[in-house]
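Bear in mind these aren't lab numbers, they're just calculated from the coordinates by the rules spelled out. For clarity, every value in this text was computed on a predicted model and none was experimentally measured. For neighbour counting, all protein chains shown are included, and Cβ atoms are generated from backbone atoms with ideal geometry for every residue, glycine included.
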Amino acid sequence: MARAVPTNGRAVLLAVFIAFGSYDIGVISGCLIMPDFIDRFGEMDLNGNMFLSSSRQSIITSLLSAGGALGQAFTSDRFGRRGSILIWSAIFTIGVAIQTGTARSIVQLTISRFIAGLGVGALSGVFLYNGETAPKKLRGTFLVLYQLQIIIGLFLSYVLDLATHTLSNSASWRVPVGLQLVWGLALLSGIFFLPESPRHLLGLSRTKEATRVIAELNGVPIDDPLVIETVEELQFAINEENAGGKATWAECFSPNNAMWKRTANGMMLQFIQQLNGQNFYFYYGDTFFKSSGTVLSPYVIQVILGGVSVAGTIPALVLIETWGRRRSLLTGAILQAICALIAGLVGHFTLAPTGTAQNLLTHRNKQGGDTLIAFAVLHVCSFSIFWGPTPWVYLGESFPLRVRPKAIALGSATNWFWNFLLGFFAPRIAADIGPLILLIFFGMLVFGYGYVYLFIPETKGLSLEEVDEMYRSGVKPWNSPSWKSHLIERMHEKEKTRNAEDVRESNANTDA
């Protein structure tokens, strides 16, 4: 039978929809300086004026990140990838609904953000779903597409903050916060139309269903050679993976198949990503830029940052499959480190002290503020192209099926744990050292460059099973771009050996 030409149209639509269920972490940045929000959830100073202290900002912001990225590991295998997304979408939606309906209780606000964070963290497992359903040549692009949708959500939140911040009532912050309900409801309503992961179905011995899903995702007939070969390849790899029995959390750190290296790499990339510095701008940009002396509204600056983030993620859709993972990470580390160093030093030596009246700012102060903002924009743009999507792509494609939910959960939990710490401590640190906080991110980016060069292999163009083989081969990360897989050859050799044994056994029975 002639091989059909894959169209991948169904897979593209699937990736677009599943990515649409993204969430918004930037909306709270604008809310922190809205008068009505401060009046409801702030504290009273000695003069009777309401304000949000750095500690209260920390609690409000960071609790969204204290949720349950580990949760999806307990639901993905038991309820399937689709079922897991449904459960955590519901939890996220409930948390957002409570948050939007909060009147004046700081306790209700923070608890509802924690509940929403449970869903947000576990929905990081969407990368597990996208990684398992995407054709290998498009897997990186599809995972970047998910990141793009998140960034679009951020941009929309900044636009809404700009549009509503002048309102004198609670609609100024309830509207942008409540918009997150759209994302949750989109997943809740649409998840029933999504197919289950073919790898998960094969792991449950539901071969017919897996075959149908693979055919649909590639846009070819169910009996096409491409589908047959893909099912055989996946089944072969799954059988080898499952030979060791049921996976445990400890296996994620086992020396077998270099699992500890893979888990460490996934967690380290998420750790480094969170200390790149970009989330400092996302979370506290409005507050930070308000003291920079610029004539631009901090809301306008956030919209600019959001727009730059969207524009930056678009070329990443191509670069992730042309430049590859390693080159993207190395390039991004250099560019962002330069931006963080310049912005930190310029801000420290030229900005006026926080709280200085606008009419007392010198020309040098204003130039320093403009320079800091310019390099903040370049920093965020570089992050969106390179370090924003790439660690998630890498996390989604680095593990065998048997431990994939647990390993991805560990990487996601690392991301959200450090996101929480950044959100909690950043305003306190910035209150003490100001723009010099950016030098902390500079140091982390220098470390990140070294770590990627020494420990992160290239996974571009490999199937998930070939990634598994590459790690087991022991290839040095700097030599990995030229590494070639022998998985198909091994599968065919094993099949030939089995056929030869069957022939010998048949001949022996005939002679007897």
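Things worth noting here:
- Net length gained if the chain between Ser205 and Arg78 were fully extended (0.36 nm per residue, minus Cα distance): 44.3 nm
- Per-residue ³J(HN,Hα) for the range 315-323, Karplus 6.51 cos²θ - 1.76 cosθ + 1.60, θ = phi - 60°, Hz, x for Gly and Pro: x, 5, 4, 8, 4, 4, 9, 9, 6
- Distant-in-sequence amide H partners of Glu43 (H built 1.01 Å from N, under 5 Å): Phe51, Leu52, Ser53
- Burial ranking of peptide ranges 106-112, 208-214 (average Cβ count within 10 Å, highest at the top): 208-214, 106-112
- Among the listed pairs Lys261/Lys476; Lys261/Lys460; Lys208/Lys484, a Cα-Cα separation exceeding 24 Å is found for Lys208/Lys484.
- Here the calculated FRET efficiency for Ile334 and Leu46, from their Cβ-Cβ distance with R0 = 41 Å, stands at 0.30, rounded to the nearest 0.05.
- Value of Rg to Rh for the range 334-427 (Rh from inverse mean 1/r over Cα pairs, i.e. Kirkwood): 1.17
- Each residue of the range 200-213 was assigned a 3J(HN,Hα) from its phi angle through the Karplus expression (A = 6.51, B = -1.76, C = 1.60, θ = phi - 60°), giving 5, 5, 5, x, 9, 6, 9, 5, 4, 5, 4, 4, 5, 5 Hz with x at Gly and Pro.
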